[in-house]
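What follows is a single structure, written as structure tokens, with notes after it.
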Number of protein chains: 2
Amino acid sequence: MGLCLALDVMGGDHGPGEIVPAALHALTRHRNLELLLVGREQLVKPALAGLAPDLTRRLRLIHAPDVVSMDDAPSAALRNSKNSSMRVAVEQVKSSAAQACVSAGNTGALMAISRYVLKMLPGIDRPAICTVIPGINGHTHILDLGANVDSSAEQLFQFAVMGVELTSAAENIAAPKVGLLNVGTEENKGNDRIKQAASLLSGSHLNYIGFVEGNDIYSGDADVIVCDGFVGNIALKASEGVAQFFLHQVRAGFGASLYGRVAALVCHPVIKSIRRKTDPRRYNGASLLGLRSIVIKSHGSADRVSFAHAIEEALLEVKNNIPERITVRLEALLTGSHAS
Amino acid sequence: MGLCLALDVMGGDHGPGEIVPAALHALTRHRNLELLLVGREQLVKPALAGLAPDLTRRLRLIHAPDVVSMDDAPSAALRNSKNSSMRVAVEQVKSSAAQACVSAGNTGALMAISRYVLKMLPGIDRPAICTVIPGINGHTHILDLGANVDSSAEQLFQFAVMGVELTSAAENIAAPKVGLLNVGTEENKGNDRIKQAASLLSGSHLNYIGFVEGNDIYSGDADVIVCDGFVGNIALKASEGVAQFFLHQVRAGFGASLYGRVAALVCHPVIKSIRRKTDPRRYNGASLLGLRSIVIKSHGSADRVSFAHAIEEALLEVKNNIPERITVRLEALLTGSHAS
């Protein structure tokens, strides 16, 4: 069987205008890939006119008249949006027409619909949102980034298991180093929940390295960082905020004088290479881990370059069968045998 | 009565080598200021040789033989360090010899000693660490940054009251805008505790603007941002991490080629002005709010410039009598009258 993904082409800020070009790019890159484009036929069809037959053959348009809006409450999206592009895209995975789906739409709605349609893996209570972060010494996968706002110690442990499997496959590391996000690295730091989670991790066969702090998210010293979604979401958005603040100061500094504007021209090639390395589009595509199938959430503001990376993330997870790996690892940990 | 502060000259990474110069700078700047330098006599005395009589007259060395180390557990520091520079500095405030104290030592120990010696304000359950953050559109005071790891809705409300009084005095704003840090701005977002805190704030006469997200810490749109110390600590350290990551990339980018190194020279004046504006030393000096007296925590790595800013923060709070203002505001809020 070849690879087939379902794309919610209506989700996000740009819709088909950016998602269809990303889809075509993926088809060109992967000769065995097929894509189901789910969305409003009249909007998507024009973008597909005049394509090479090789691409047309591997594309199928699935009409879905409705769109989940960014403001819809998850419960409302679940109840009222049976014909939305998001729901129909997820249903393609349920019916095995596709092996994974990608959406840039409303995160809460995507989570609610995916849980309802695809169900959770056995032994996993709650899904978690996981993404990869570039750091000084390497990549770090961090979860949860906001699927939950009050996770128990057991749930944090489950997040660790899920993060380990994804990281192991994505970074090709046998035993990824797992850190637990806390307000200090000493054993007595943190609240009861975090101490209980630490005790569960210490007692497992996971490669647990202990507590890590906020700045460690960007050091790259841990391969997987586990936290509650409330903390993870705020930490990531604070990071975005500080990046915007620095960008603002840099722009203001270089724009403040003629000398500054000339200096900016001189620096342009260097700045361009730095931006290329730190481009957040290269890290687009968060996983909704814990579901029985693969669902990837793209950033809502994703352009074609960014959305293409989310498609790559879906392909990586399909090829590595992440949900199956999580189940096997969890069973091994719970029965006490050593999964490596 | 003139102004008098007690300085723990042994605290932090540098001790008297940086703290004494900061003290002398403050004495030169403020002609009515007196300082009590608390620490090991034999280490501090040499730094005071040959000073102008005007400075010597306003300085007093108080010998304290012990030092609280950065690794001491707060409980151990409280029990075993009666003759430490930190403890003796805090005792100067208790005995009214000084109106505030400043330490760059172990945060947990400073908190524990200050609570034990100075006691909490009536109506405040727990202290909170508050600092000011530079943002795109202005300054934001944020609390708690790690004094607590599990705050109730009532405690978050108390943090808001304390933050409002400090911000009102520091920024000269009558009714500072208060935001509650959450994973989204919609009313249904977050956990039960945060929703209860929102309800307490909405029902008060504080200028509550609703939920804010992590990136808002650096937008400057809220004057005060309230959060639990677990979240605040991790958000701030994540911000430090992302700043270090960018600095690393910028250094690597400019250092990677001869062209880059020349470009760096050209940019030097602009970079210098940007660094001046974003220099974290200018924002050094966190308040331990909620105590009956004023205690300022300097960053442990503070140099003389940085520590001098922590002294300025102490002076600002003494001049504005922040503990008294918090008590008055809290009473007004609890009795339902409108304090403005």
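Only one of these is of a type outside the set (Asp, Glu), in contact with a Leu (Cβ under 9 Å, 6 or more places away or on another chain) and modelled with pLDDT of 90 or more: B:Val242, B:Val231. Name it. Give the steps one after another, and end with the answer.
Working: B:Val242 fails: in contact with a Leu (Cβ under 9 Å, 6 or more places away or on another chain).
The match here is B:Val231.
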- Message: Can you confirm whether B:Lys177 is away from every other protein chain (no Cβ under 14 Å) and in contact (Cβ under 8 Å) with a residue 12 or more places away in the chain?
- Response: yes
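So in segment A:66-77, with the set limited to residues that are part of a helix (DSSP H, G or I) and under 21 Å from the mean Cα position of the chain (by Cα), which one is surrounded by the most Cβ atoms within 10 Å (Cβ to Cβ)?
Taking segment A:66-77 as the starting set, the residues that turn out to be part of a helix (DSSP H, G or I) are A:74-77.
Then keep just the ones that are under 21 Å from the mean Cα position of the chain (by Cα); that gives A:74, A:77.
Values: A:Pro74: 19, A:Ala77: 24.
Among residues in segment A:66-77 that are part of a helix (DSSP H, G or I) and under 21 Å from the mean Cα position of the chain (by Cα), the one surrounded by the most Cβ atoms within 10 Å (Cβ to Cβ) is A:Ala77.
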- Message: Which numbered condition in (1) within 13 Å of another protein chain (Cβ to nearest Cβ); (2) open to solvent by 10 Å² or more (accessible area, probe 1.4 Å); (3) at pLDDT 95 or above is the only one that A:Val149 fails?
- Response: (3)
- Looking only at residues in segment A:152-168 that are open to solvent by 20 Å² or more (accessible area, probe 1.4 Å) and within 14 Å of chain B (Cβ to nearest Cβ), which one is farthest from A:Tyr283 (Cα to Cα)? A:Ser152
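Conditions (1) farther than 18 Å from B:Ser301 by Cα; (2) touching a helix residue (DSSP H, G or I) at 6+ places or on another chain (Cβ under 8 Å); (3) in a strand (DSSP E or B); (4) not acidic (Asp, Glu), marked per residue:
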| site | (1), (2), (3), (4) |
| --- | --- |
| B:His14 | no, no, no, yes |
| B:Glu18 | no, yes, no, no |
| B:Ala23 | no, yes, no, yes |
| B:Ala26 | yes, yes, no, yes |
| B:Leu36 | yes, yes, yes, yes |
| B:Gln42 | yes, no, no, yes |
| B:Pro46 | yes, no, no, yes |
| B:Gly50 | yes, no, no, yes |
- Name every residue in segment B:179-189 that is open to solvent by 10 Å² or more (accessible area, probe 1.4 Å) and touching a strand residue (DSSP E or B) at 6+ places or on another chain (Cβ under 7 Å), in order of residue number. B:Thr185, B:Lys189
- Message: Give me the residue from segment B:89-123 that is of a type outside the set (D, E, K, R) and free of Cβ contacts under 8 Å to residues at least 60 places away in the same chain and, out of that set, most open to solvent (accessible area, probe 1.4 Å).
- Response: B:Tyr116
- Any idea which of B:Leu200, B:Leu143 is touching a helix residue (DSSP H, G or I) at 6+ places or on another chain (Cβ under 9 Å) and open to solvent by less than 10 Å² (accessible area, probe 1.4 Å)? B:Leu143
- Task: Test B:Val224 against the criterion of being touching a residue at least 60 places away in the same chain (Cβ under 8 Å) and under 21 Å from the mean Cα position of the chain (by Cα), and give yes or no.
- Result: yes
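The values are calculated or read from the model by the stated rules, or taken from the named source; none is laboratory data. Only a predicted model underlies this, so the values are computations on that prediction, with no experimental measurement involved. Please note: Cβ atoms are built from the backbone with ideal geometry, for glycine as well, and neighbour counts cover all protein chains shown. To get the accessible areas, we keep the full protein, side chains included, count just its heavy atoms, and leave off ligands, DNA and RNA. Shrake-Rupley method; radii C 1.70, N 1.55, O 1.52, S 1.80 Å.
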